[in-house]
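Structure first, then comments.
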Amino acid sequence: MLLLQSPQMRELEPFTSMPEAFRRRERSAWADANRGGAITDSFLEGPVFDDDGNLYVTDIPWGRIFRIDPQGVWSLVAEYDGEPNGMKFLAPGRLLITDYKNGLMQLDVATGRVTPFLERRNSERFKGVNDLVFDAVGNLYFTDQGQSGMHDPTGRLYRLRPNGQLDLLVHNVPSPNGVALSPDGHVLYLAATRGNCVWRVPLLPDGSVSKVGQFFTSYGPSGPDGLAVDERGRLLVANPGLGYVWVLDRFAEPELVLTGKRGASLTNLAFGGADRKTLYVTDSTHGTVLRTRMDAAGLALAKGRA
């Protein structure tokens, strides 16, 4: 019988923490619904880097977008009536945001102006969009999570083509969350948070999907959230309930487990630095960003075709 070796464990290092001046220690509608009513001064998600090495993050309950410079200094870019989650650059200076409350929104980072991009599908509101990724030809894949789960496995995965055509690819996911593409763009990885697993979604040449399967199974009180892929094709999975980032090979075997300090809620991740070999991870419940050096660079993220 083949005995698998236990993966190496490594603790992430602190990079920066939200300044006290930006923390809001008061009740919010988002926390009432998602944090059991606990006072939540911030909840960070959506890390993404611009070409100058600045890191942008969302603060879901308070509708804020922050920019963090390479030295770890925070500045408020935008504040609006929304619940922003994932972000990717649509074009230089323009961020596309998956906003749980409003749908897809766009941000002009120079002015801080937030405007609608796609609020509804056939006049119907989304359940609550969550995360997004562009492919090499400008297709946008995004998740529509809402309050779906094992009790209501109706979360959805969409593709928005550059010509505006919106395709519903999967509609039976228990809490679809993070999304990432394989290096060749032929497979999409989809975090199913309440199913405590990651799905493998083959993307076929005719635009359809088929033989969607379960790629990785986790455990604990809250399942996979944000995803990323490195140039070796490894999948990185943020698991907030465990305070882990799993680094998985092509067989979904863990090669490395990155951890936060006890009580950390690791929700999302992005590669940064000049060589894209520094991994940055949001610890949402503590309002901090952690980091570590990796042995492979993250895939370069594609932008939209604005």
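The values are calculated or read from the model by the stated rules, or taken from the named source; none is laboratory data. In this text the structure is predicted, and so the values were computed from the model without any measurement. FYI the Cβ positions are ideal-geometry reconstructions off the backbone, even for glycines, and counts take in every protein chain you see.
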If the requirement is being over 16 Å from LYS127 (Cβ atoms) and among the charged types (D, E, K, R), which of these qualifies: ASP144, ASP249? ASP249
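One line per residue, one yes/no per condition, for (1) at pLDDT 95 or above; (2) surrounded by 14 or more Cβ atoms within 10 Å (Cβ to Cβ); (3) farther than 28 Å from HIS151 by Cβ; (4) out of contact with any helix residue (DSSP H, G or I) (no Cβ under 9 Å at 6 or more places or on another chain):
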position	(1), (2), (3), (4)
VAL187	yes, yes, yes, yes
VAL229	yes, yes, yes, yes
ARG232	yes, yes, yes, yes
ALA238	yes, yes, no, yes
VAL245	yes, yes, no, yes
GLY263	no, no, no, no
LEU266	yes, yes, no, no
For region 17-47, give me each residue that is surrounded by fewer than 14 Cβ atoms within 10 Å (Cβ to Cβ), under 21 Å from PRO70 (Cα atoms) and not small (Gly, Ala, Ser). PRO19, GLU20
Taking first residues from region 120-147 that are in contact (Cβ under 8 Å) with a residue 60 or more places away in the chain and surrounded by 18 or more Cβ atoms within 10 Å (Cβ to Cβ) and second residues anywhere that are assigned to a strand (DSSP E or B) and of a type in the set (Val, Ile, Thr), the pairs with Cβ under 7 Å that are 6 or more apart or on different chains are ASP131/THR98; ASP131/THR143; ASP131/VAL179; VAL133/VAL179
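With in a loop (DSSP other than H, G, I, E, B) and on the phi > 0 side of the Ramachandran plot as the only criterion, which of GLY241, GLY185 stands out?
Step by step, each of GLY241, GLY185 is checked, and only GLY185 is in a loop (DSSP other than H, G, I, E, B) and on the phi > 0 side of the Ramachandran plot.
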Here is a list of conditions, (1) assigned to a strand (DSSP E or B); (2) in contact with a Leu (Cβ under 8 Å, 6 or more places away or on another chain), and ALA252 meets all of them except one; can you say which number that is? (1)
Any residue at all in region 48-67 that's buried (at least 20 other Cβ atoms within 10 Å of the Cβ), farther than 20 Å from LEU227 by Cα, in contact with a helix residue (DSSP H, G or I) (Cβ under 6 Å, 6 or more places away or on another chain) and not aromatic (Phe, Trp, Tyr)? yes
Can you name the number of the only condition in (1) under 15 Å from the mean Cα position of the chain (by Cα); (2) under 25 Å from LEU90 (Cα atoms); (3) free of Cβ contacts under 8 Å to residues at least 60 places away in the same chain that GLY207 fails? (1)
Looking at PHE216 and the list (1) more than 30 Å from ASP52 (Cα to Cα); (2) buried (at least 18 other Cβ atoms within 10 Å of the Cβ); (3) modelled with pLDDT under 95, which single condition is not satisfied? (3)
Restricting attention to region 62-84, does a residue exist that is closer than 23 Å to THR143 by Cα, touching a residue at least 60 places away in the same chain (Cβ under 8 Å) and not polar (S, T, N, Q)? no
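Out of the strands (runs of 3 or more DSSP E) lying entirely within region 25-114, which hold 1 or more residues that are more than 19 Å from SER265 (Cα to Cα) and out of contact with any strand residue (DSSP E or B) (no Cβ under 8 Å at 6 or more places or on another chain)?
Working: elements: 44-49, 55-59, 64-68, 74-79, 84-91, 94-99, 103-108.
Strands (runs of 3 or more DSSP E) meeting the threshold: 84-91.
Taking ARG200, is it surrounded by fewer than 24 Cβ atoms within 10 Å (Cβ to Cβ) and over 22 Å from PRO153 (Cβ atoms)? Please lay out each step first, then the result.
Details: surrounded by fewer than 24 Cβ atoms within 10 Å (Cβ to Cβ): yes; over 22 Å from PRO153 (Cβ atoms): no.
It is false that ARG200 is surrounded by fewer than 24 Cβ atoms within 10 Å (Cβ to Cβ) and over 22 Å from PRO153 (Cβ atoms).
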Keeping to region 115-133, report how many residues are of a type outside the set (Lys, Arg), assigned to a loop (DSSP other than H, G, I, E, B) and either closer than 21 Å to LEU190 by Cβ or touching a Gly at 6+ places or on another chain (Cβ under 6 Å) (or both). 3
When only residues in region 68-85 that are closer than 27 Å to GLY146 by Cα and either touching a Cys at 6+ places or on another chain (Cβ under 7 Å) or not aliphatic (A, V, I, L, M) (or both) count, which is surrounded by the fewest Cβ atoms within 10 Å (Cβ to Cβ)? ASP81
If I go through region 259-283 residue by residue, how many of them are assigned to a loop (DSSP other than H, G, I, E, B), among the small types (Gly, Ala, Ser) and under 18 Å from GLY53 (Cβ atoms)? 2
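Those residues that are farther than 20 Å from LEU168 by Cβ, in contact with a strand residue (DSSP E or B) (Cβ under 8 Å, 6 or more places away or on another chain) and not in a strand (DSSP E or B), I need them from region 206-228; list them, please.
First, pick out the residues of region 206-228 that are farther than 20 Å from LEU168 by Cβ: 214-228.
Filter again for in contact with a strand residue (DSSP E or B) (Cβ under 8 Å, 6 or more places away or on another chain), leaving 214-218, 220, 222-228.
Matches in region 206-228: SER218, GLY220, SER222, GLY223, PRO224, ASP225, GLY226.
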For ARG234, all conditions in the list (1) among the basic types (Lys, Arg); (2) closer than 24 Å to ALA38 by Cα; (3) touching a Leu at 6+ places or on another chain (Cβ under 7 Å) hold save one; what is the number of the exception? (2)
